[in-house]
Amino acid sequence: MDERPRLSLNVPEPEVRPGDTPDSSRVVIPRAGTVPRPPVDVDPKEIRDLAYSIIRVLDREGEAVGPWAGTLTDEEVAAGLRHMMTLRAFDARMVTAQRQGKTSFYMQHMGEEAVSCAFRMALEDGDMNFPTYRQAGLLIAGGYPMVDMMNQIFSNEADPLKGRQLPIMYSAKDHGFFSISGNLGTQFVQAVGWAMASAIRNDHRISVGWIGDGSTAESDFHAALVFASTYRAPVVLNIVNNQWAISTFQGIARGGSGTFAARGLGFGVPALRVDGNDYLAVHAVAKWAVERARRNLGPTLIEHVTYRVGAHSTSDDPSAYRPKTESDAWPLGDPVIRLTNHLIRCGIWSEERHKQAEAEVMDTVIAAQKEAERHGTLHAGGKPSVRDMFEGVYAEMPPHLRR
Ligand SMILES: Cc1ncc(C[n+]2csc(CCOP(=O)(O)OP(=O)(O)O)c2C)c(N)n1
Ligand SMILES: [Mg+2]
């Protein structure tokens, strides 16, 4: 008889499934303020630990502590809170609009608002993001008109993209927001290519790539890191680890051990992990990485540790694959509540002021929605003209289309 061991594959499984009690014990969370802040020109070899820890600024009491604290004024933090509240209100209205048949599709950010909203505040006009569908905070925090976002979502006559993109796949070059592609992973190679072009032109603009935990399994992720590290491209590469890739848990893409950030180490790229639900920490880490890129010190890989509270999209039902209460058990809390508590503790915000701000934010979103709906929704009102279908697509319209 053959006594050699039978070969088998390791297929990672989530610790819990629907009906089980959520367990977040695998997420090891250091105390806020304990991770050191190295100089931006640090040798990547010196900061290997940062790929395994989590940089946090806001402690349990809402105090901003440690070496990464203090990158924003109180007014800027208050503005940041408003951006996150606006994104949340925007999402709530658009999810309802989808249920009402006003659009075919929507993707929300619940729980991940801090990542894109805070990151945007570390960038300058002229920098370019290569976002996925879950970084609309870059537009909201960058002052892009909400009504234009809604026109795109409703594919109406005022849709800046003339109905040619799936709802929420915005494109706003002037706002440093490259057209969203549904083909995930492409954002990383394109961001690196854009950054290389900026450096070839001896420009000062940098680029930012965005990818989800699941999409890091794409070969594009690895190709991007080869080029970014070899040519020391002025790029910041963000992995948003929200624990899920539709119904697939993060362990399937992670390779079983280490962290997503730690993949940067093999390329000699500084790799940091940050509490993605801590607005102040995300901003501080973004600022650090942006400064590195701007000073021509090369790329940085950042893993934002967060949790996708909502469904993947309006076409998804997470109760089929994870416990309903898993998001309540997420140990890093809610980004909006944490920043609100911080501002209250600083004495520049209050419960009443917060309620009032919530109402104001919702009024602004509803006003934008009313304006957008005047231009039409999916099944009602104005539509993009079929005549314009190929406008802006070809430098020279091919003869068969002209015909
Ligand atoms: C190249 C490619 N493969 C598959 C898909 C289908 N798809 C859409 S979203 C998604 C999950 C992505 O998960 P993750 O990267 O973690 O991002 P998240 O949705 O969590 O932000 C997949 C597989 C796609 N859009 N592109
Ligand atoms: Mg994910």
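The values are calculated or read from the model by the stated rules, or taken from the named source; none is laboratory data. Every value quoted in this text rests on a predicted model; they were computed, and no experiment measured them. Positions of Cβ are backbone-derived with ideal geometry, glycine not excepted, and every protein chain shown enters the neighbour counts. SASA here: full protein model, heavy atoms, side chains in, ligands and nucleic acids out. Shrake-Rupley method; radii C 1.70, N 1.55, O 1.52, S 1.80 Å.
The requirement of being at pLDDT 95 or above and more than 22 Å from residue 101 (Cβ to Cβ) is not satisfied by residue 377. Condition check for residue 167 on (1) within 29 Å of residue 94 (Cα to Cα); (2) open to solvent by 50 Å² or more (accessible area, probe 1.4 Å): one failure, at (2). Residues that are in a loop (DSSP other than H, G, I, E, B), touching a residue at least 60 places away in the same chain (Cβ under 8 Å) and either over 18 Å from residue 161 (Cβ atoms) or aromatic (Phe, Trp, Tyr) (or both) do occur in region 376-383, at least one of them.
Hey, among the residues in region 176-226 that are of a type in the set (Ser, Thr, Tyr) and over 18 Å from the mean Cα position of the chain (by Cα), which one's farthest from residue 251 (Cα to Cα)?
Step by step, filter region 176-226, then rank; the result is 198.
Against the condition open to solvent by 20 Å² or more (accessible area, probe 1.4 Å) and closer than 28 Å to residue 330 by Cα, how does residue 110 come out, does it pass? Yes: the conditions hold for residue 110.
With respect to residue 280, is the statement that it is part of a helix (DSSP H, G or I), open to solvent by 10 Å² or more (accessible area, probe 1.4 Å) and modelled with pLDDT of 95 or more true? So residue 280 fits the description; yes.
Within region 210-221, is there a residue that is outside any loop (DSSP other than H, G, I, E, B), modelled with pLDDT under 95, within 15 Å of ligand 1 (Cβ to nearest atom) and open to solvent by 40 Å² or more (accessible area, probe 1.4 Å)?
No, region 210-221 contains no residue that is outside any loop (DSSP other than H, G, I, E, B), modelled with pLDDT under 95, within 15 Å of ligand 1 (Cβ to nearest atom) and open to solvent by 40 Å² or more (accessible area, probe 1.4 Å).
Set side by side, the residues 253, 245 differ, and just one is modelled with pLDDT under 95, within 13 Å of ligand 1 (Cβ to nearest atom) and under 30 Å from residue 315 (Cα atoms), which is 253. Selection of first residues in region 229-254 that are among the charged types (D, E, K, R) and of second residues that are within 12 Å of ligand 2 (Cβ to nearest atom) and open to solvent by 30 Å² or more (accessible area, probe 1.4 Å), restricted to Cβ pairs under 9 Å at least 6 apart or on distinct chains, gives the following pairs, ordered by first then second residue: 254/217.
Could you pull out the residue among 373, 358, 352, 391 that is open to solvent by 80 Å² or more (accessible area, probe 1.4 Å), more than 30 Å from residue 269 (Cβ to Cβ), touching a residue at least 60 places away in the same chain (Cβ under 8 Å) and outside any loop (DSSP other than H, G, I, E, B)?
After ruling out the rest, the residue left standing is 358.
Just one of (1) open to solvent by 50 Å² or more (accessible area, probe 1.4 Å); (2) more than 16 Å from ligand 2 (Cβ to nearest atom); (3) farther than 30 Å from residue 385 by Cα fails for residue 207. It is (1).
So in region 300-314, with the set limited to residues that are within 12 Å of ligand 2 (Cβ to nearest atom) and in contact with a Leu (Cβ under 9 Å, 6 or more places away or on another chain), which one is nearest to residue 41 (Cα to Cα)? If we take residues in region 300-314 being within 12 Å of ligand 2 (Cβ to nearest atom) and in contact with a Leu (Cβ under 9 Å, 6 or more places away or on another chain), then 303 is nearest to residue 41 (Cα to Cα). Return yes when residue 118 is open to solvent by less than 30 Å² (accessible area, probe 1.4 Å), small (Gly, Ala, Ser) and farther than 22 Å from residue 375 by Cα and no when it is not. When the stated conditions are applied, residue 118 passes them. Applying the selection to region 306-344, what residues are away from ligand 1 (no atom under 16 Å from the Cβ), of a type in the set (Ser, Thr, Tyr) and either surrounded by fewer than 16 Cβ atoms within 10 Å (Cβ to Cβ) or not in a helix (DSSP H, G or I) (or both)? Matches in region 306-344: 319, 325.
Regarding region 288-305, can at least one residue be identified that is assigned to a loop (DSSP other than H, G, I, E, B), open to solvent by less than 40 Å² (accessible area, probe 1.4 Å) and either at negative phi or of a type in the set (Val, Ile, Thr) (or both)?
Yes, that holds for at least one residue.
Of all residues in region 86-100, those satisfying the criterion of being aliphatic (A, V, I, L, M) and surrounded by fewer than 24 Cβ atoms within 10 Å (Cβ to Cβ) are 89, 92, 95, 97.
When region 243-273 is filtered for residues that are within 16 Å of ligand 2 (Cβ to nearest atom) and either open to solvent by 40 Å² or more (accessible area, probe 1.4 Å) or of a type in the set (A, V, I, L, M) (or both), the ones remaining, listed by number, are 245, 246, 247, 248, 252, 253, 254, 255, 261, 263. Residue count for region 98-123, restricted to those that are of a type in the set (A, V, I, L, M) and in contact with a Phe, Trp or Tyr (Cβ under 7 Å, 6 or more places away or on another chain): 3. Is at least one residue of region 229-238 open to solvent by less than 30 Å² (accessible area, probe 1.4 Å), within 16 Å of ligand 2 (Cβ to nearest atom), modelled with pLDDT of 95 or more and among the aliphatic types (A, V, I, L, M)? The answer is yes; a qualifying residue exists. Assess whether residue 185 counts as being of a type in the set (Gly, Ala, Ser), open to solvent by less than 40 Å² (accessible area, probe 1.4 Å) and either more than 16 Å from ligand 2 (Cβ to nearest atom) or modelled with pLDDT under 95 (or both). Against the criterion (of a type in the set (Gly, Ala, Ser), open to solvent by less than 40 Å² (accessible area, probe 1.4 Å) and either more than 16 Å from ligand 2 (Cβ to nearest atom) or modelled with pLDDT under 95 (or both)), residue 185 does not qualify.
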